[in-house]
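A short write-up of the structure that comes next.
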Amino acid sequence: MDDLIGEFLTETNEFLDSLDQDVLGLEQNPNDKELLGNIFRLVHTIKGTCGFLGLPRLETVAHRAENVLGRFRDGDLEVIPEYVTLILESLDTIKFIVGAIEETGSEPEGSDDELIAKLDAVYEGTNSAAGGGESAAPAAPVEEAAPAEPEESIPGMATEAELEAAFAAAEVLPVEPVEPAEESVAAEEPQEVEAAPPPPPSETKEEPKAEAVKKEPPMTTQTLRVNVDVLEDLMTMVSEMVLTRNQLLQILRTETESEFAAPLQRLNHVVSELQEGVMKTRMQPIGNAWSKLPRIIRDLSMELNKKIELEMRGQDTELDRQVLELIKDPLTHMVRNSGDHGIEMPEDRVAAGKPEMGNVVLEAFHEGGHIIIRITDDGKGLPLDKIKAKIVSNGLATEEELAEMSTQQIQQYIFHAGLSTAEAVTSVSGRGVGMDVVRTNIEKIGGSIELKSTEGKGSTFTIKIPLTLAIVSALIVESAGQRFAIPQLSVRELVMASEHGDNKIETIRGTPVLRLRDRLLPLVSLDELLKLQREGSSVIDLATKAEELESEKESVVAAQPSEESEGSNENLEAGENPEDEANQEEASTGGNKQPLQNQYIVVTETGAYDFGIIVDRVYDTEEIVVKPVPKILRDIELFSGNTILGDGSVIMILDPNGVVRATGELDAADATDAAAEDHVAQTSSSQQKTSLLLFKIGDGAPKAVPLSLVARLENVKTTDIEHSSGQMMVQYRGGLMPLVPFDSSVQINEEDQEKPVLVFSDKDRSMGLIVDEIIDITEEYIDVQLTSTQSGLLGSAIINEAATDVVDVMHFLSATHDDWFKDHGDEAYGGENGHGKKRVLLVDDSPFFRNMLAPLLGIAGYDVTSLESARDALKMCDDGVKFDVIISDIEMPDMDGFEFVEKVRSDSDWQNTPMVALTSHATPQDIDRGIQAGFSKYVAKFDKDTLLSTLAQTLIEQPAQQEGEQQ
Amino acid sequence: MSTAASTKSYGLNDDSQESHDQSKDFLTIIIADQRFGIPILQVQDVLGDQTVNNIPLAPPEVAGSLNLRGRVVTAIDVRCRLGIEPQAAEESSGMSVVVEHGNELYSLIIDRVGDVLSLKDDAFENNPPTLDAVWREISGGIFRLEGELLVVLDVPRLLNTVHS
């Protein structure tokens, strides 16, 4: 309450100053309606506020004065000097009381009966033009001179006036908006009059007690209202000053000895402080914009008979004032929406198995240079059917179009104009401010709004507001001769990469990666990302280089030093064999003349994952003024703004999140995968070691294949290789075995030479994969960190501390035998019933197995969806996605297979979907437990025959089972 | 958005045609020998050759950004927008006209700047329906001048139709 009173006092003091002027002006100009209206309004505001704050004495005076002013306004009373005097007198009294409140914290003792009586007399019209006015006028000085003890100066005289006052109060007050404080005043006064007319101060009796308790220092903090434009101008000037300072500091850096050094340092500090100070004038906690919300929610719950609780988190998150103003209304609207449309009636909630009390959570926090505001409710979510109907009836889309859209896409329609899902327009919603306005307002300030909603479970709106006008520190980098700023907030570290140092950039089919403390860090090259044109051809961007390397492999094949030495691009490719090392020496000695021999990697943190940005040069950290991107460039999501540097040039500010979106090779699941694994150090999945066979092709990165898939290793003489219908073959164990070179770089000479061949075998078929060299067999945790787009590779992992490509065996198998997987008694599914592919859900926390099994099942003709956790699967179940069969791993972190199957069986749409358990150690006890928990079948990992036949069998059994259940 | 009033495009409004004897001031600019007019109230500045910083990934008509007294100005290559061949580097004057649109400043790079003309409304005509589609989009109408025609450059439309 103290805050409110403080604010009230500040405000009232301001009002009073202008009121004095206005009233005097009114005296000069009695017919100035506008002025009168203004005075009336101010007095009314004072009255209203103090009624609310429980300041009865002040309120009474203001109220009576307002009555008189009201008659002026209505034109029934002429504005004559003596009345003006009376009004001024009232203002003085108000000032006096306000002053006393400021000092003591509560209203002073005393009564204003005389004044009130006079005001009432004028109001009632009993005081005709001159009569009472004359007698009242002289009394005024008394009031003013000794306001502290007014009640003593007029003990008996007041009786009549007192009565009148009481009547007036009784008459008028109930008409006013009913504030509790006011009621009590109204009730109190008549009593006093009846009981003891002369000593009126009883009405303030309670106040002095409080006063005695807290004798606080003056409550008003010294504030000054400043026109926002002044602040804006200040901000612009400070921005300019920051830039000039940066420029000066830049000059200073080039001068080793300068007498300007000390004063410039000082200037630097002062400017920084000034900047901070000016920024502070603009920053306000977001709680300011939220202050009205609890009340709105309360009113809403009363009106609609709902039970709603509003939880607010992160009120202290500071926001630029301008931004705050702009999001205030959208936020209010959205919170109101959540309460009105989102939260159900208590009985409906109970029926839906939710607590009676609906919950609306409003939170705000900073994330990567943005402010995120999230509104979550646990209500009924967006009614998809109603939205669809609305979309169709409003002609925004046709039924056919809707049928093709995802739930998410349909939900987005609520941001379209003219789509309100409320059935009836209540007093709280449907008043014209729709979600389209909300979105427009948010986008106006460069923000974005996202919506996630599950019918029956609630909705979440996420508003992301960038720092539009702010000074942030940023790292200035250069690529292809152009400079860019990267917000310091998202920069984790800087790494210098060179081919001789510890940090080498390695490539996997042209995709650059960096080994950073035993993790593979994906890299993006800024010039490639931004399609920057390099001057001269000395440096080739990575894409062309990858192609070149590829063509080199094809044409040159085995390392031929003479032909490779011309390429300066070698400095990015990690030399894997000693032969190449020599080349690199050459390349790098040539490269020394080039400034780009060393490259810098800006390790950047984002919400999704970390990555490195390859740049040519790193300058310095500078304080930059973020200016919004012009509207016509807003579609380029790589930039969050632009800024002017010390030298006056305009550069773009990179948005790391935008970079993620733009490069986005990793899908969300993989990204969270990597992130999760980062934190939960080596969870159960990666704790399973897998035996791997490592081999080598040419001079590329080592390749790995699970040993369990390899039947034998053979050395085949190149002279033994025969060709038949364009296919390499070898006679092997009395049959013909097709041979496939790993890729075109595998050199098959006509000379007598032995080549290692990996034999994969299945029943009576086998195939051989020709490689260059078998390196090793190792037991390792497989953690595929980068997925590959290249066919034949699953992705890359760190194996034996080297970036290694994990080979997709299935790719080669299906290359030789189109029908490799078709001979497993699983013909029952697929084409036969004409329903297309059967949908399989694969749940396995290990990316390796997911990547291994999904293609296998895909080749076998299933439509496979793979998920990394049971929770994701359950989420999908909630979304209403249907599958014909579910394959689940048993050992998974968070929720294991047993728990998952129990959840699915107990209560979900998938209750009747058959589930197959997958595990690496299938003991009879495990199998028993699995079957008991609800799994239909149990299969060991890597036993692909059994898996495929089990799947086929399960799918055949299932329809019959389901029919049985339905009856 | 305070500039909404001032950027209200001239010539789009049918009423303005009917009122005779009204005249409006235009800054004339010349691009590839064609005279254009920009309502004078929309013009903030006329600039000589400026250092323009390239913006990667921007649409081709966005020439880059420049710093005008501490404000970031986006440079638009009007030739490119109109589908006219770029000028040879040595011919280019690098002149540009700065306009404000939606609280943002844009500099329109043109060949050269001509006089300010006061044009009577009765010399105004709507776009010929057969005008090139790109031009029709950015033209707010035609003024008949003596010996030549002046195309009213509809700046808001010109800028709104630039998309990345």
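The values are calculated or read from the model by the stated rules, or taken from the named source; none is laboratory data. Values in this document were obtained by computation on a predicted structure and should not be read as measured data. Counting neighbours? That spans all protein chains shown, and the Cβs are built from the backbone with ideal geometry, glycine included.
Results, tabulated for the structure shown:
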read-out: When residues of the range A:697-733 are limited to those that are within 44 Å of the chain's Cα centre (by Cα) and assigned to a strand (DSSP E or B), the one farthest from residue A:743 (Cα to Cα); value: A:706
read-out: One residue from A:29, A:13 being of a type outside the set (D, E, K, R), within 15 Å of residue A:79 (Cβ to Cβ) and surrounded by fewer than 16 Cβ atoms within 10 Å (Cβ to Cβ); value: A:29
read-out: Scan of the range A:616-627 for residues that are surrounded by 20 or more Cβ atoms within 10 Å (Cβ to Cβ) and either out of contact with any helix residue (DSSP H, G or I) (no Cβ under 7 Å at 6 or more places or on another chain) or within 13 Å of another protein chain (Cβ to nearest Cβ) (or both), ordered by number; value: A:624, A:625, A:626, A:627
read-out: Enumerated strands (runs of 3 or more DSSP E) restricted to the range B:28-80, each holding at least 1 residues that are within 12 Å of chain A (Cβ to nearest Cβ) and closer than 28 Å to residue A:240 by Cβ; value: B:62-68, B:71-77
read-out: From the options A:48, A:70, residue that is of a type in the set (Gly, Ala, Ser), within 47 Å of the chain's Cα centre (by Cα) and surrounded by fewer than 20 Cβ atoms within 10 Å (Cβ to Cβ); value: A:48
read-out: Lone unmet requirement of (1) at pLDDT 85 or above; (2) surrounded by 20 or more Cβ atoms within 10 Å (Cβ to Cβ); (3) in a helix (DSSP H, G or I) for residue A:364; value: (3)
read-out: Every residue from the range A:302-345 that is small (Gly, Ala, Ser) and closer than 15 Å to residue A:378 by Cα; value: A:338, A:339, A:342
read-out: Residues satisfying the stated conditions in the range A:597-615, i.e. in contact with a strand residue (DSSP E or B) (Cβ under 8 Å, 6 or more places away or on another chain), β-branched (Val, Ile, Thr) and more than 14 Å from chain B (Cβ to nearest Cβ); value: A:601, A:602, A:603, A:604, A:614
read-out: Strands (runs of 3 or more DSSP E) contained in the range B:92-164 and holding at least 3 residues more than 14 Å from chain A (Cβ to nearest Cβ), more than 17 Å from residue B:62 (Cα to Cα) and in contact (Cβ under 8 Å) with a residue 60 or more places away in the chain; value: B:112-120, B:139-144, B:149-153
read-out: Residue A:914 within 34 Å of the chain's Cα centre (by Cα) and touching a residue at least 40 places away in the same chain (Cβ under 8 Å); value: no
read-out: Elements of type strands (runs of 3 or more DSSP E) in the range A:416-506, at least 2 residues being crowded, with 17+ Cβ neighbours inside 10 Å, within 14 Å of chain B (Cβ to nearest Cβ) and at pLDDT 75 or above; value: A:470-479, A:482-487
read-out: Residues that are modelled with pLDDT under 80 and crowded, with 20+ Cβ neighbours inside 10 Å, drawn from the range A:892-930; value: A:892, A:918, A:930
read-out: All positions within the range A:631-644 that are assigned to a loop (DSSP other than H, G, I, E, B), within 9 Å of chain B (Cβ to nearest Cβ) and either among the polar types (S, T, N, Q) or in contact with a helix residue (DSSP H, G or I) (Cβ under 9 Å, 6 or more places away or on another chain) (or both); value: A:634, A:636, A:638
read-out: Residues that are surrounded by fewer than 20 Cβ atoms within 10 Å (Cβ to Cβ) and more than 8 Å from chain B (Cβ to nearest Cβ), drawn from the range A:647-664; value: A:647, A:658, A:661, A:662, A:663, A:664
read-out: Residue check, residue A:52 closer than 28 Å to residue A:105 by Cα, aromatic (Phe, Trp, Tyr) and in contact with a Gly (Cβ under 8 Å, 6 or more places away or on another chain); value: no
